[in-house]
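Input: a single structure, listed below in structure tokens.
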């Protein structure tokens, strides 16, 4: 096997890995636009309620962006090891590299980064994605492209014909987790709508529902740990296993936050409903009507010919009312045709 300009002749040029997911970047930018737009109106809110509104906007949008972003992250479960492994097929050359496995709700990402990055006259820095819907097709495409052996070894574990059966464990768990996450997002939207209406108690219930679906997401995805773990063995690095990572703990923390806020709203509505409504500006709108402008004076020159009659209260019995109605009917002229 010969080289041509430092590249294996049967393999294409190296692909540079993406630095940041375009989907996550779009989600973050959209929610940042909403945050800036809502914070711009804060100077128009008077008094102490301005701080509360700012806290309410930031917390609410944080919960929303986390729920949406968790559907597209790739670090629910992660595993990593440092190894000396064969680089590519038909070659005995080995590379010193860090191999990482990142599992999300949409698929897996396999990373390979050399130590140092430049080895064998190549830049060893890979980040390959395999989606659950077509893992076998993408694995075959990876074989045709001649990806490094460590990436192909891990990707083969997630194919339908693999003895590990990881595709069945992760794919179905990810599908249920995705469904419950989007349901939690709908509950979050309904809670925000109810918070802007005089039904704050039901908004607290919807926050509890949001927390409940987030906990269902965590429970459905964590079922993969109840099955027999598949051992990954790469070169001299030995075996490595996967464990929960950032997105899993972020979902748990967001669920606890929603549960805490929901319980607080329900308790406040039970113990101090007036203070709760005041905090959510149900009473603040009536402050302008209650403002006193001090003592007023009348211009008597415009009231010279005006006669004022004091108002008196007269109690009438039912008999007096009946006699009055009969007298009025008798005084009405009759019309003859």
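Run down 218, 224 and say which single residue is closer than 26 Å to residue 166 by Cβ and without any contact (Cβ under 8 Å) to a residue 60 or more places away in the chain.
Only one candidate qualifies: 218.
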Practice problem: Inspect the range 42-55 for any residue being touching a helix residue (DSSP H, G or I) at 6+ places or on another chain (Cβ under 9 Å), on the phi > 0 side of the Ramachandran plot, touching a residue at least 24 places away in the same chain (Cβ under 8 Å) and loosely packed, with under 14 Cβ neighbours inside 10 Å and give the result as yes or no. | Solution: yes
Quiz item: Hey, does the range 130-138 have a residue that's assigned to a strand (DSSP E or B), without any contact (Cβ under 8 Å) to a residue 24 or more places away in the chain, surrounded by fewer than 19 Cβ atoms within 10 Å (Cβ to Cβ) and more than 29 Å from the chain's Cα centre (by Cα)?
Solution: no
Practice problem: Just name the residue that is surrounded by the fewest Cβ atoms within 10 Å (Cβ to Cβ) out of those in the range 175-213 that are touching a residue at least 60 places away in the same chain (Cβ under 8 Å), within 14 Å of the chain's Cα centre (by Cα) and more than 15 Å from residue 60 (Cβ to Cβ). | Solution: 182
Quiz item: Name the residues in the range 235-260 that are in a helix (DSSP H, G or I), within 25 Å of the chain's Cα centre (by Cα) and touching a residue at least 12 places away in the same chain (Cβ under 8 Å), would you?
Solution: 246, 247, 248, 250, 251, 252, 254, 255, 256, 257, 258, 259
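Pick from the range 116-129 the residues that are farther than 14 Å from residue 148 by Cβ and in a strand (DSSP E or B): which of them is nearest to the chain's Cα centre (by Cα)?
First, the residues of the range 116-129 that are farther than 14 Å from residue 148 by Cβ: 116, 118, 121, 129.
Checking which are in a strand (DSSP E or B) leaves us with 116, 118, 129.
Details: 116: 38, 118: 39, 129: 23 Å.
Residue satisfying both the conditions and the ranking: 129.
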Quiz item: With respect to residue 216, is the statement that it is buried (at least 19 other Cβ atoms within 10 Å of the Cβ) and modelled with pLDDT of 85 or more true?
Solution: no
Practice problem: Look through 73, 35 and report the one residue that is part of a loop (DSSP other than H, G, I, E, B), surrounded by 13 or more Cβ atoms within 10 Å (Cβ to Cβ) and either at pLDDT 80 or above or out of contact with any helix residue (DSSP H, G or I) (no Cβ under 7 Å at 6 or more places or on another chain) (or both). | Solution: 73
Exercise. Being part of a helix (DSSP H, G or I) and at pLDDT below 85 is the filter here, so list the residues in the range 145-169 that pass it.
Key: 145, 166, 167, 168, 169
Exercise. Output the residues belonging to the range 143-152 that are touching a residue at least 12 places away in the same chain (Cβ under 8 Å) and farther than 13 Å from residue 109 by Cα.
Key: 145, 146, 147, 148, 149
Quiz item: In this structure, is residue 263 out of contact with any strand residue (DSSP E or B) (no Cβ under 7 Å at 6 or more places or on another chain), farther than 30 Å from residue 79 by Cβ and in contact (Cβ under 8 Å) with a residue 12 or more places away in the chain?
Solution: yes
Self-check item: Any hit, the range 86-94, residues being under 24 Å from residue 26 (Cβ atoms) and either buried (at least 16 other Cβ atoms within 10 Å of the Cβ) or touching a strand residue (DSSP E or B) at 6+ places or on another chain (Cβ under 7 Å) (or both)
Solution: no
Quiz item: Of the residues that make up the range 96-114, is at least one over 16 Å from residue 242 (Cα atoms), in a strand (DSSP E or B), out of contact with any helix residue (DSSP H, G or I) (no Cβ under 6 Å at 6 or more places or on another chain) and in contact (Cβ under 8 Å) with a residue 60 or more places away in the chain?
Solution: no
Quiz item: Is the range 221-232 home to any residue that is modelled with pLDDT of 80 or more, over 25 Å from residue 75 (Cβ atoms) and surrounded by 12 or more Cβ atoms within 10 Å (Cβ to Cβ)?
Solution: no
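The values are calculated or read from the model by the stated rules, or taken from the named source; none is laboratory data. All figures in this text were calculated on a predicted structure; none of them were measured in a lab. Don't worry about glycine lacking a Cβ; one is built from the backbone with ideal geometry, like all the others, and counts go over all protein chains shown.
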